[in-house]
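Notes for the one structure printed next.
The values are calculated or read from the model by the stated rules, or taken from the named source; none is laboratory data. The model shown is predicted, which means the values in this text are computed figures rather than measured ones. Here Cβ is always computed from backbone atoms with ideal geometry, including for glycine, and neighbour counts include all displayed protein chains. Surface accessibility is based on the protein's heavy atoms, side chains included, excluding ligands, DNA and RNA. Shrake-Rupley method; radii C 1.70, N 1.55, O 1.52, S 1.80 Å.
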Amino acid sequence: VQCSDGTHRTSQLAGGGVAPLTASAFLEMQVERSYIFDRQWISPLECQWRSVQATIMRMQDAASRAGACFTVMIIPDETQVNKELLFAVQTARNNDLDLDKPQRMISSFLSANHIPRLDLLPAYRKASGLGQRLYKERDSHWNWTGKGIAVRLLAQHLAPLGRSCGQPRVGSSLSGPQ
């Protein structure tokens, strides 16, 4: 992550891995990103939201031209599923957040445009509520548990779409080993 002072918030480890952020740097990043949960609409979000909508429509159009199915997987932010992180972000911001706002906005847009979607938020909240850690420590990327849930749900979501869109031809790179 590039900082305003030109430094980076992560450091490369031997072997190409990335060290987790410090606790304060991670919280600062999450607080900065939490504007997407503001109850009041803010103008920077308006421009970004229009860009997201346009990108989704271009992707749908490209898929349609190629004869492919198109679906959107909505990925939750860690703040939406990690109660301790949520408390820290709310304390730092000193306000209440609407944690379902991004999913409502995206889902409404997708529904209006007849685009199928997979929203991981309910499953991630359930798993987190059962004590499962889904994200790498102070990283905001999924750990193996988080990846596993996403893979399982995506496979379940795509299975019926594959039947309705047709299967890859035998011998194509998408059909697997021959």
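Given a 1.4 Å probe and the protein chains as shown, Val31 ends up with an accessible area of around 40 Å². Annotation for Ala66 and Lys101: the two label points, set 7 Å from Cα along the Cα-Cβ direction, are 3.4 nm apart. Close amide H partners of Met73, meaning residues 5 or more places away or on another chain with modelled amide H under 5 Å apart, are Leu118. Model label points for Val31 and Ser111, set 7 angstrom from Cα along the Cα-to-Cβ axis, are 3.5 nm apart.
Using a 1.4 angstrom probe on the protein heavy atoms only, could you order Ile149, Ile75 from most to least accessible area? Intermediate results must be reported in sequence, preceding the final value.
Working: Ile149 20, Ile75 90 Å².
From most exposed to least exposed: Ile75, Ile149.
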